[in-house]
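Shown next, in structure tokens, is the structure this report addresses.
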Amino acid sequence: MTANRYGPPNWPPPPTYPPYQDHRPGVAPPAADRRPGPQHGTGEWRTIRERSATRRPARVRREDASPWNWLLLVPIVLPLIPGLYNRIEPTVFGIPFFYWGQLSFAFLASAILTFLHLKVR
């Protein structure tokens, strides 16, 4: 920003545009602006066979995948169903079921996680 005391500041600076280029069809840009196309590491153009070789391999089952992991849906889905715990009775030490029921879901989740950890490892 230049120090201009009596006029508006020169900020933001005026945009600079690239030199004019002729974009008519069939007119190639000057040789200095040409960029080489995508090439293979050897300098040759890639072939269709090389492109198909870069595909991902077939899906492989992970070592830690276990059908026991489906049990994790229980602590995820149960708290999402408010019809299970949206009531006052029964109370425990004067605490409504709405509160101690959700706390019991937390203990159930930790019990399931502990069981799965011991079962799957």
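For region 67-120, take every pair of Cα atoms, bin their distances at 5 Å starting from 0, and report each bin as a whole percent.
4, 20, 25, 19, 14, 10, 6, 2, 0
Amide H neighbours of SER66 under 5 Å, counting only residues 5+ apart in sequence or on other chains, H built in-plane at 1.01 Å?
Amide H to amide H, under 5 Å and 5 or more residues apart or across chains, SER66 pairs with nothing.
Set the Förster distance to 30 Å, then compute FRET efficiency between TYR99 and LEU72 from the Cβ-Cβ distance, nearest 0.05.
0.80
Between ARG61 and LEU113, what is the spin-label point distance in nm, taking each point 7 Å from the Cα along the Cα→C-beta axis?
In this crude label model, ARG61 to LEU113 measures out at 2.7 nm.
Rule-based calculations on the coordinates, nothing more; no lab input. All figures in this text were calculated on a predicted structure; none of them were measured in a lab. Using ideal geometry, Cβ is built from the backbone for each residue, glycine included, and neighbour counts are taken over all protein chains shown.
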